[in-house]
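Each value in this text was obtained by applying a stated rule to the coordinates, not by laboratory testing. None of these values were measured; they are calculated from a predicted model. Note that we place each Cβ from the backbone using ideal geometry, even for glycine, and neighbour counts take in every protein chain shown.
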There are 2 protein chains.
Amino acid sequence: MSPRADAVRNRAKVLSAADEVFVEHGTDASTDQIAKRAGVGIGTVFRHFPTKELLLEAVFAERLRRVGEQARTMATRQAPDEAFRELFGTLVADSGAKQALAEALTEAGVDVRESASPVEDELRAALGELLARAQQAGGIRDDIGIDEVIALLVGASQAIGKTLDVSMRARTLNVFLDGMRPH
Amino acid sequence: MSPRADAVRNRAKVLSAADEVFVEHGTDASTDQIAKRAGVGIGTVFRHFPTKELLLEAVFAERLRRVGEQARTMATRQAPDEAFRELFGTLVADSGAKQALAEALTEAGVDVRESASPVEDELRAALGELLARAQQAGGIRDDIGIDEVIALLVGASQAIGKTLDVSMRARTLNVFLDGMRPH
């Protein structure tokens, strides 16, 4: 493998390891833990991400990027409305970890909105496409747009993102999902 | 009027004036402004509420108490399900002011949950009664309980409590209201 391809691969390994370690141990987790999980030396972590802030920022952006990619893929499914509901549920379920990352970034003085802005624009566009397909399929009410969906995602995350009661989460999430159906 | 009745009346006047002034000018509003609005001397304000924290706490508790009272009255209506939806919308609309009060209290070192707890218990019971009547009337799905409704109130407040776009608020609120209907 070329040194360049090797570097790209290592960067991806560090990012994915950091995401896992932050979810498991919180954003105070050490660089050493992340290097071990990634199977690289600690020097490799620092070469790609000289500061903790840069690493947190990259993990956050990578998460948003992956959700956007997932939304693009899901928009091509046979039943885009079911895909839309599935993705909505996944995003709410993952919101706790995303929130913890965003808070750690804010504490470190990073403007999350500013730094994530290009990847957020792409995520918004991808979600908007999935929403449009789901509406064309007749499975989602057509009087809501991407702004309402994002507000509902924020609302659902606040409503149940921190609840440990699984059946209460499911009952509450159903109100959101049913509320978005045409009637 | 007896001095005792006079004191009760003045306390109520100060509370109601303080609520208005806090909503209009924020929780940094001066005691002087509040006394003027209430039509009492500044000494009367301090006699009832020696510190700003005590005043904020009382305004917060009075708000919760009034909502509970409103819920009890609404539960006796002919169409309790419509009453339930109406109250849900009102609570979401008022959540910005309530949130500002709660934040000011937290900043002042007051444990909002602790201090509001008896009046919160009554509010929870009153909302629960309205919910039960609305469900008996067949207008609200019966697989949700008071915990889910409170989570949905928190979610809706976060989703649209700070939005100034009135039609976007209405469209998003409708998702909550329709999601709570039986289907």
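When the Cα gyration tensor is reduced to axis lengths a ≥ b ≥ c, the ratio a/c is 1.5 or higher for the stretch A:52-179, and with a/b not above b/c it is classed as oblate.
Here the spin labels are modelled as points 7 Å beyond Cα on the Cα-Cβ line, and at B:Asp147 and A:Ser117 they lie 4.2 nm apart.
Computed extension gain for B:Gln136 through B:Lys162, at 0.36 nm per residue and net of the alpha carbon distance, reaches 6.0 nm.
Mean separation of Cα pairs under 8 Å and 6 or more residues apart, divided by the residue count, gives the stretch B:52-179 a relative contact order of 35 percent.
If R0 is 22 Å, what FRET efficiency do you get for A:Ala7 and A:Arg66 from their C-beta distance, rounded to 0.05?
Efficiency, from the Cβ-Cβ distance: 0.60.
Phi angles across the stretch A:99-107 convert, under the Karplus curve 6.51 cos²θ - 1.76 cosθ + 1.60 with θ = phi - 60°, into 3J(HN,Hα) values of 4, 4, 5, 4, 5, 4, 5, 4, 4 Hz, Gly and Pro given as x. For A:Asp6, the point set 7 Å out from Cα toward Cβ sits 9.1 nm from its twins in the other copies, listed from shortest up. For chain A, the longest principal axis of the Cα atoms and the long axis of helix A:117-136 meet at an angle of about 30 degrees.
Compared with the dominant Cα axis of chain B, that is its longest principal axis, helix B:3-25 is turned about 70°. Residue-level result for chain A: its Cβ closest to the axis carrying A onto B, with that distance in Å, is A:Gly179, 1. Taken residue by residue and averaged, Cβ atoms of other chains lying within 10 Å of the Cβ of B:145-153 number 5.
Copy-to-copy label distances for B:Gly145, where each label lies 7 Å from Cα along Cα-to-Cβ, are 4.1 nm in order of increasing length. With the gyration tensor restricted to C-alpha atoms of the stretch B:1-50, the semi-axes of the equivalent ellipsoid amount to 20, 10, 8 Å, longest first.
Each copy carries A:Asp121; placing its label point 7 Å along the C-beta direction from Cα gives inter-copy distances of 5.4 nm, listed from smallest up. Note on the stretch B:1-35 and the stretch B:106-183: Cα centroid distance 28 Å, given to the nearest whole angstrom. Measuring against 22 Å, Cα to Cα, the residue pairs B:Lys98/B:Lys162; A:Lys13/A:Lys52; A:Lys36/A:Lys162; B:Lys13/B:Lys162; A:Lys98/A:Lys162 contain A:Lys36/A:Lys162; B:Lys13/B:Lys162 as the ones spanning a longer distance. The local environment of B:Asp81, defined by Cβ-Cβ distances under 11 Å, has a net charge of +3 under the rule Lys, Arg +1 and Asp, Glu -1.
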